[in-house]
């Protein structure tokens, strides 16, 4: 008897925040990844504080036909949340769907493209702070937070 095809879904999970703009950024990152990745099922999740949580995102993946769920921690470093908390939350969510399999990937870490991202952020903020650019970026919006400070002129 032939095995049913494996349908892979992706959950992009961040910590979750009381700051709505931070939670919205995960939704935008998820939407952009869905559009560029080729994965038909891509869902956002927050580890805590905000919704949707990992269990809700896992349920949504399964309801769309997923039999494999890959969880990407939208974190810089492989800390406690990556090593313990996220796998425990995913295992609990997967327990309600015994016909599925899952994997938690590595976070961004020292991926070689991170060096370019760091350089791009520095260049963009300096351009706004020095007046060479009029607008900020996706993180700071209008650029009000991109300003040079000194002991005589504090950043606050």
Inset, instruction - Give 9, 66, 50 a once-over and let me know the one that is in contact (Cβ under 8 Å) with a residue 60 or more places away in the chain, more than 20 Å from residue 77 (Cα to Cα) and outside any helix (DSSP H, G or I). - result: 9
Inset, instruction - Might you let me know whether the stretch 69-84 holds any residue that is in a loop (DSSP other than H, G, I, E, B) and more than 17 Å from the chain's Cα centre (by Cα)? - result: no
Inset, instruction - Among residues belonging to the stretch 21-31 that are in contact (Cβ under 8 Å) with a residue 24 or more places away in the chain and crowded, with 18+ Cβ neighbours inside 10 Å, point out the one that is nearest to residue 71 (Cα to Cα). - result: 26
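Residue-wise test of (1) modelled with pLDDT of 95 or more; (2) buried (at least 16 other Cβ atoms within 10 Å of the Cβ).
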{"site": "4", "(1), (2)": "no, no"}
{"site": "13", "(1), (2)": "yes, yes"}
{"site": "19", "(1), (2)": "no, no"}
{"site": "33", "(1), (2)": "yes, yes"}
{"site": "37", "(1), (2)": "yes, no"}
Inset, instruction - Output the residues belonging to the stretch 91-131 that are in a loop (DSSP other than H, G, I, E, B) and closer than 30 Å to residue 67 by Cβ. - result: 95, 96, 97, 98, 99, 100, 105, 106, 107, 108, 109, 111
Legend entry - Flag if residue 55 is under 23 Å from residue 24 (Cβ atoms), surrounded by fewer than 19 Cβ atoms within 10 Å (Cβ to Cβ) and at pLDDT 95 or above: yes
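The values are calculated or read from the model by the stated rules, or taken from the named source; none is laboratory data. Owing to the predicted nature of the structure, the values given are computational and were not obtained by experimental measurement. Cβ coordinates were reconstructed from backbone atoms using ideal geometry, including for glycine residues, and neighbour counts include every protein chain displayed.
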